[in-house]
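Novice: Quick one: structure below, then a few questions.
Bear in mind these aren't lab numbers, they're just calculated from the coordinates by the rules spelled out. Predicted model only: the values in this text are computed from it and were never measured. Here Cβ is always computed from backbone atoms with ideal geometry, including for glycine, and neighbour counts include all displayed protein chains.
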Amino acid sequence: MARRIVTIDRSVIVYDDALVSQMRAELFDPASWPDAPAAPGYSGGRGQTLFIEHDEQSWVLRHYHRGGYVGRVLSDRFIRVPRDRTRPFREWQLLEHLQRTGLPAPRPVAARYVRHGLRYTADLITELIPDVVPFSTRLASGDVSDDVWRQIGTCVARFHCAHIFHADLTAHNLQVDSRDRVYLLDFDRGRVMSRPGIWRERNMDRLHRSLRKITREGVPGFSEHEWKLIEQAYRSVRRDA
């Protein structure tokens, strides 16, 4: 990856110039992609997500939105901080790190923040992982074998062994392709942890709650049997790494 940083008007952009030959702020503008299909919920449901095509490449464009009570007030505005501490730059840098370590996550294309006085808005472009659906969608289809459950445990364990904390580990952010390979998306607020700790158990608890919530909402196919398959695969990979 060849990282470059440019400033265009009020936009500060980091991008991989192996993927983008000429950076333009318009790449982040949904109005530039009027025919792009929207995919609400693809990246956790917090912001608008579009599937876009550029120079024969398939990308995912996501606009950052705040969640919770604060999001009702500030929507997509964040308090200004130094460049490398902004949400899009931190996520881009983490995704860059995941690419170097070979973990199953999207390759970052570009990220930007746009200055609005003491606040900023933000966007992220990643490569589209082909042929994937959210695991929640796969679960609703009823097409989940025991091996897929094990693959989920293995996937999460690989990230934890690399000390990667995911801030919203849910069945929506786990993605599965037609060959049953598992990927992890949406690393907003994720980070590299300095050491093992309780954060790993809390990550797993978050995933467990997500799967139980989907079950309560009427999607069958998850029980404690499936959770044990996840845990067994997770423990076999993680051990005490």
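Novice: Along segment 16-33, what does the Karplus equation 6.51 cos²θ - 1.76 cosθ + 1.60 (θ = phi - 60°) give for ³J(HN,Hα), rounded to whole Hz, x for Gly and Pro?
Specialist: 9, 7, 6, 10, 10, 6, 9, 6, 9, 4, 4, 4, 8, 8, x, 5, 6, 10
Novice: What is the chain's relative contact order, in percent, from Cα pairs under 8 angstrom and six or more apart in sequence?
Specialist: RCO, the chain: 18 percent.
Novice: Residue-wise, which Karplus ³J(HN,Hα) couplings in Hz belong to segment 102-118, taking 6.51 cos²θ - 1.76 cosθ + 1.60, θ = phi - 60°, and x for glycine or proline?
Specialist: Rounded to whole hertz, the list is x, 7, x, 9, x, 7, x, 9, 7, 9, 8, 10, 10, 6, 10, x, 8.
Novice: To continue, here is another question. Could you give the angle, 0 to 90 degrees to the nearest 10, between helix 87-101's Cα long axis and the longest principal axis of the Cα atoms of the chain?
Specialist: That works out to roughly 60 degrees.
Novice: Follow-up. How high is the FRET efficiency between A167 and E224 when r is their beta carbon distance and R₀ equals 30 Å, given to the nearest 0.05?
Specialist: Given R0 = 30 Å and the Cβ-Cβ separation, E is 0.70.
Novice: Right, here's the next one. Compute the signed sum of charges (Lys and Arg +1, Asp and Glu -1) over the other residues within less than 15 Å, Cβ to Cβ, of D146.
Specialist: Net local charge, D146 excluded: -3.
Novice: Per DSSP H run of at least 4 residues, take -39500 (n - 2.57); add these up for the chain, divide by its residues and hand me the 222 nm value, nearest 500 deg cm²/dmol.
Specialist: Taken over the chain, the calculation gives -10500 deg cm²/dmol.
Novice: Sticking with this one: Give me the one-decimal nm value for the distance between modelled label points at V192 and E217, 7 Å along each residue's Cα-to-Cβ direction.
Specialist: Reported label-point gap for V192 and E217 is 3.4 nm.
Novice: At what distance in angstrom do the alpha carbon centres of segment 94-123 and segment 176-224 lie from each other?
Specialist: Comparing the Cα centres of segment 94-123 and segment 176-224, I get a distance of 21 Å.
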